[in-house]
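For reference, the structure discussed in these notes is given below.
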Amino acid sequence: MIVTRSSEEAARWARAYRTAGLSTGFVPTLGGLHEGHHSLLRRARSECEKVIASVYLNPTQFHSAEDLEKYPASEEEDLAALRRERADLVYLGRAADLLPDGFQSWVDVEILTRPLCGAFRPGHFRGVTTVVAQLFSIIRPHRAYFGLKDYQQAAVVRRMARDLSLGVEIRLCPTVREASGLAISSRNRRLSAGEREAACVVHRALEAARRAIEAGEDRIQVLLAALEQQLGSEPLFRTEYAEIVDAATLERFGGGRIEWGERGVLVAVAGYIGSVRLIDSEWIEARP
Ligand code: AMP
């Protein structure tokens, strides 16, 4: 496994793979690698001849200094995990390369970033898309792998790749969960045992919404009331948003009922347990 902190060297290796006619799969991460990241690496391994990962704790996508400081990541453990998952090339990004002094060339996906997380975390997606665009232009992968846990992020990156003709195919991968249903996240390490149990309310509530939709309920008010009531039953969980939206546009349905469009429906929740922010969603791809 080649490990480099140099963007030039990472670009050189990635170019050598391409020139040799090998397909490349790229998995960008913030570090703090866990089963969710491993699943993306395995999918890339199964579809591409060379697997490239990046680890860069991108400061521009964090909404608070505390969240950034407390982000649990260990370079040594990340590299061990990447070796186990048989990555070929690891780029350890540095701010000096990715956000150099005087940086002013932001990439902003305008509309898809407005609802859901975008409404509560101004500048977050601009930070994500700018750094992902940077990474894509260094690595120039054939395919890049993103988790559905961060559905809006994946949708925004896919839009950017299409709008800017970046030549990268965006692959979306299912959310990896603990046995309790809790979506695995680096931030979960900051939850106590009791808080971790409380956090399961999110998946339980989302699953109940999915079941109701699959059983034919299409009234948004009814679905949202049930979702909010379940989330409210857990005193440790503070809801930031609970939404049912068109999975293509991420917009609410105008008529008060679900309308089945090209990508189906997304039920999405974000909230806090203590200072730990949790997000999760259920994607119902087509009319049941
Ligand atoms: P992060 O390091 O949190 O930016 O995550 C890097 C990639 O891993 C993103 O595409 C995430 O959506 C994905 N990811 C994070 N957690 C999970 C999970 N539990 N299941 C699947 N993918 C995940």
> Across the range 64-93, which residue is farthest from the chain's Cα centre (by Cα) among those that are among the aliphatic types (A, V, I, L, M) and open to solvent by 20 Å² or more (accessible area, probe 1.4 Å)?
Replying inline: 80
> Is there any pair linking a residue in the range 144-170 that is in the same structural domain as residue 130 (by TED's automatic domain parsing) to one that is open to solvent by 50 Å² or more (accessible area, probe 1.4 Å) and within 11 Å of the ligand (Cβ to nearest atom), with Cβ under 6 Å and at least six apart or on different chains, and which?
Replying inline: 145/43; 145/171; 148/174
>> Condition (residue is under 22 Å from residue 154 (Cα atoms) and in contact with a Cys (Cβ under 8 Å, 6 or more places away or on another chain)) applied to the range 266-275: is it met by at least one residue?
In response: yes
>> If I go through the range 111-122 residue by residue, how many of them are open to solvent by less than 40 Å² (accessible area, probe 1.4 Å) and in contact (Cβ under 8 Å) with a residue 40 or more places away in the chain?
In response: 6
>> For the list (1) within 16 Å of the ligand (Cβ to nearest atom); (2) within 21 Å of residue 9 (Cβ to Cβ), I need the number of the one condition that residue 129 fails.
In response: (2)
>> Among the residues that make up the range 136-150, is at least one of them basic (Lys, Arg), in contact with a helix residue (DSSP H, G or I) (Cβ under 7 Å, 6 or more places away or on another chain), closer than 27 Å to residue 41 by Cα and within 16 Å of the ligand (Cβ to nearest atom)?
In response: yes
> residue 48 passes all but one of (1) under 17 Å from the mean Cα position of the chain (by Cα); (2) farther than 28 Å from residue 113 by Cβ; which number fails?
Replying inline: (1)
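Does residue 20 count as small (Gly, Ala, Ser) and either buried (at least 20 other Cβ atoms within 10 Å of the Cβ) or outside the structural domain of residue 144 (by TED's automatic domain parsing) (or both)?
For residue 20, the condition - small (Gly, Ala, Ser) and either buried (at least 20 other Cβ atoms within 10 Å of the Cβ) or outside the structural domain of residue 144 (by TED's automatic domain parsing) (or both) - is not met.
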> Does any residue in the range 20-31 that is farther than 18 Å from residue 86 by Cβ come within less than 6 Å, Cβ to Cβ, of a residue that is in a strand (DSSP E or B) and within 11 Å of the ligand (Cβ to nearest atom) six or more places away or on a different chain, and which pairs are these?
Replying inline: 31/55
> Across the range 1-52, what is the total count of residues that are among the hydroxyl-bearing types (Ser, Thr, Tyr) and within 16 Å of the ligand (Cβ to nearest atom)?
Replying inline: 3
> Which of the residues that make up the range 82-110 are without any contact (Cβ under 8 Å) to a residue 24 or more places away in the chain and of a type outside the set (D, E, K, R)?
Replying inline: 96, 100, 102, 103, 104
> How many residues, within the range 121-137, are of a type in the set (D, E, K, R) and part of a helix (DSSP H, G or I)?
Replying inline: 1
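The values are calculated or read from the model by the stated rules, or taken from the named source; none is laboratory data. This structure is a prediction, so every number in the text was calculated from the model and none was measured. In this analysis, Cβ positions are derived from the backbone assuming ideal geometry, glycine residues included, and neighbour counts consider all displayed protein chains. Please note that ligands, DNA and RNA were not included when accessible areas were found on the heavy atoms of the full protein model with its side chains. Shrake-Rupley method; radii C 1.70, N 1.55, O 1.52, S 1.80 Å.
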